[in-house]
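Participant: Before anything else, here's the structure in question.
No value in this document is a laboratory result; all are computed from the given coordinates. These figures come from a predicted structure and were not determined experimentally. Neighbour counts are summed over all protein chains in view; Cβ atoms, including those assigned to glycine, are modelled from backbone coordinates with ideal geometry.
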Amino acid sequence: MDVTTCAASGAGSAPCTVTVRGTTLEALPAQPNGGGFNSTLSAGTVALGTPLADGASVNVQFLLGIQTTGTFRFYIIIEALP
């Protein structure tokens with residue numbers, strides 16, 4: 001990891017180890033290949049009952065199952081409650 005990532009995660013100086021959480025598709029939409037349009041993901045420990053504290057962060061990994069060549073767009077829209 002680079003110095004900036006290590007410092008931001010509180011892991012110390014580089015090289016360091018940073019925990020990365022995988023994402024889970026919350027409700028499988030009625031689509032032939034799983035998630036896609038209007039899908040929602042969760043990051044395991046972050047939920048309505050256990051939200052992130054003010055100023056906190058979590059490192060996540062997105063694994064995309066693209067099986068063909070071409071140009072793709074991947075949008076992330078963050079939603080939060082006030």
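Participant: Taking the Cβ-Cβ separation of Ala47 and Phe74 as r and a Förster radius of 22 Å, what is the calculated FRET efficiency to the nearest 0.05?
Facilitator: Numbers: r = 23 Å, r/R0 = 1.05.
The formula returns an efficiency of 0.40 here.
Participant: Right, another one. Stretch Ile66-Ala7 to full length: gain in nm at 0.36 nm per residue minus the Cα-Cα span? Could you put the intermediate results ahead of the total?
Facilitator: Values: separation 59, 0.36 × 59 = 21.24 nm, distance 3.28 nm.
Contour length minus Cα-Cα distance gives 18.0 nm.
Participant: What order do you get for Arg73, Arg21 when you list them from fewest to most C-beta neighbours inside 10 Å? Please list the in-between numbers first.
Facilitator: On the way: Arg73 4, Arg21 14.
Listing Arg73, Arg21 from fewest to most nearby Cβ atoms yields Arg73, Arg21.
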